[in-house]
Amino acid sequence: MNILILIAGVLALVAFFAHAFIGDKEYRALKPVENCPDKNKETWVQVRSGWHWVSVDLFLAGVLLVLLATTEIIKAKTEISLLLSFYFFVCGVVWLYTVAFSRTNNKQILVLGQWIFCFLMSGLIYFGSQANA
């Protein structure tokens, strides 16, 4: 059993549940009123759909990481782990870049700190993959 990969998998699944259910509750509260412009309604649906796309990513990554950590079903453990590590690293860089250049105050860099989660996941997966090598 690969403990670092398992921790990353559990974190991804916890993040999935928070993202899909708590986050969606927040998005439903932002639903545009009926008489607002159609573009606002369309944007809301698009952003909410994108939100749940991330939820799917978190769920599938979590399941894959738990399988990698606890079973022998997947043979290319190191290769898949390195790809997932790279994926989370790139997500962290893009998130941090976007927040840094879109922020209205410096506090937002930490408040919107999902990049920290991404870098943590990338590191856990990378160092866990070294145990498979």
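Within the range 56-91, the set of residues being among the polar types (S, T, N, Q) and either over 21 Å from L6 (Cβ atoms) or open to solvent by 50 Å² or more (accessible area, probe 1.4 Å) (or both) comprises just one member, T70.
The criterion of at least 3 residues that are touching a helix residue (DSSP H, G or I) at 6+ places or on another chain (Cβ under 6 Å) and without any contact (Cβ under 8 Å) to a residue 60 or more places away in the chain is met, among helices (runs of 4 or more DSSP H) falling completely within the range 37-133, by 38-70, 77-102, 114-132. Look at (1) among the aromatic types (F, W, Y); (2) touching a Lys or Arg at 6+ places or on another chain (Cβ under 9 Å); (3) open to solvent by 60 Å² or more (accessible area, probe 1.4 Å) and you find that W44 fails only one, number (3). Within the range 23-33, is even one residue without any contact (Cβ under 8 Å) to a residue 12 or more places away in the chain and open to solvent by less than 60 Å² (accessible area, probe 1.4 Å)? Within the range 23-33, none of the residues are without any contact (Cβ under 8 Å) to a residue 12 or more places away in the chain and open to solvent by less than 60 Å² (accessible area, probe 1.4 Å). Over 30 Å from I3 (Cβ atoms) and part of a helix (DSSP H, G or I), is that true of K31? No, not satisfied. Exactly one residue out of I7, I116 is within 30 Å of A131 (Cβ to Cβ), open to solvent by 70 Å² or more (accessible area, probe 1.4 Å) and under 11 Å from the mean Cα position of the chain (by Cα), and it is I116.
The values are calculated or read from the model by the stated rules, or taken from the named source; none is laboratory data. Owing to the predicted nature of the structure, the values given are computational and were not obtained by experimental measurement. Cβ coordinates were reconstructed from backbone atoms using ideal geometry, including for glycine residues, and neighbour counts include every protein chain displayed. Note: areas computed on protein heavy atoms with side chains; ligands, DNA, RNA excluded. Shrake-Rupley method; radii C 1.70, N 1.55, O 1.52, S 1.80 Å.
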